[in-house]
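Asker: Below: one structure in C-alpha cells.
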Amino acid sequence: MHGRASHIPDHRKAPQVSGAAMTHPIITIYSTAICPYCVAAKNFLKSKGLAWNEVRIDTAPGERDKMVALTRRTSVPQIFVGDTHVGGYDDLMALHRAGKFEPLVAAA
C-alpha cells in the first residue's frame with residue numbers, strides 16, 4: 001500500500017495471517033523521511049529486534065489526517081503498540097526507562 005512500509009528484522013517478512021489472528025508487526029510508527037526522532041525510534045526498535053509498520057505521512061498525505069484523528073497530535077513520530085498509543089520518541093523512551101515498554105509489547 002502506498003505510504004506504508006513494513007520493517008521486519010533480518011529482512012524477513014512475518015507470516016501473513018488474515019483477521020484477528022494477525023499479530024506481526026504489532027508496532028506502528030507514523031513518520032516522515034527527514035524526521036530525526038523517527039529515525040531514532042526505528043533504531044531503538046531495531047536494537048530490540050522488533051518489527052514495525054511504518055506509515056509515511058509525507059508520501060501519503062491522507063495518512064496524516066488519520067494520524068491526527070487517532071492521536072490529536074500533528075508531530076511525528078507517533079507510535080502505537082497494538083491499539084495503545086505510546087506517543088512520540090520521548091514518550092517511547094520514558095516508557096522503556098520505566099520498564100513498561102517490553103511488557104506492553106509482550107501483551108499486545
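Where a number appears in this text, it was derived from the coordinates with a stated rule and is not lab data. Please read these numbers as outputs of a predicted model, since none were measured by experiment. So basically every Cβ, Gly included, is an ideal-geometry build from the backbone, and we count neighbours across all protein chains shown.
Asker: Under a 5 Å amide H to amide H cut-off, with H placed in plane at 1.01 Å, what residues pair with SER31 once short-range neighbours are removed?
Answerer: For SER31, the qualifying residues are VAL55, ARG56, ILE57.
Asker: Using each residue's phi in the stretch 89-106, evaluate 6.51 cos²θ - 1.76 cosθ + 1.60 at θ = phi - 60° and report the 3J(HN,Hα) Karplus result to the nearest Hz, with x for Gly and Pro.
Answerer: Coupling constants for the stretch 89-106: 4, 4, 5, 4, 5, 5, 4, 5, 4, 7, x, 9, 6, 4, x, 5, 5, 4 Hz.
Asker: Could you list SER31, SER75 so that the one with the fewest beta carbons within 10 Å of its beta carbon is first and the one with the most is last?
Answerer: Values: SER31 24, SER75 13.
In order of increasing Cβ crowding within 10 Å: SER75, SER31.
Asker: Now for a separate question. How long are the three semi-axes of the equivalent ellipsoid of the stretch 25-107, in whole Å, if each is the root of 5 times an eigenvalue of the C-alpha gyration tensor, listed from largest down? It would help to have the intermediate numbers written out before the result.
Answerer: Working: eigenvalues 80, 35, 26 Å².
One finds semi-axes of 20, 13, 11 Å for the stretch 25-107.
Asker: If you place +1 on the Cβ of every Lys and Arg and -1 on the Cβ of every Asp and Glu, how big does the dipole about the Cα centre of the stretch 25-107 come out, in debye to the nearest 20? Write down the numbers at each step before the final one.
Answerer: On the way: 10 positive and 8 negative charges, 23 e Å.
Charge dipole, the stretch 25-107, about its Cα centre: 120 debye, nearest 20.
Asker: If Lys and Arg each add +1 and Asp and Glu each add -1, what is the summed charge of the other residues whose beta carbon sits under 12 Å from the beta carbon of CYS35? Present the calculation step by step, with values, prior to reporting the outcome.
Answerer: Values: positive: LYS42, ARG56; negative: GLU54, ASP58.
With Lys, Arg at +1 and Asp, Glu at -1, the net is 0.
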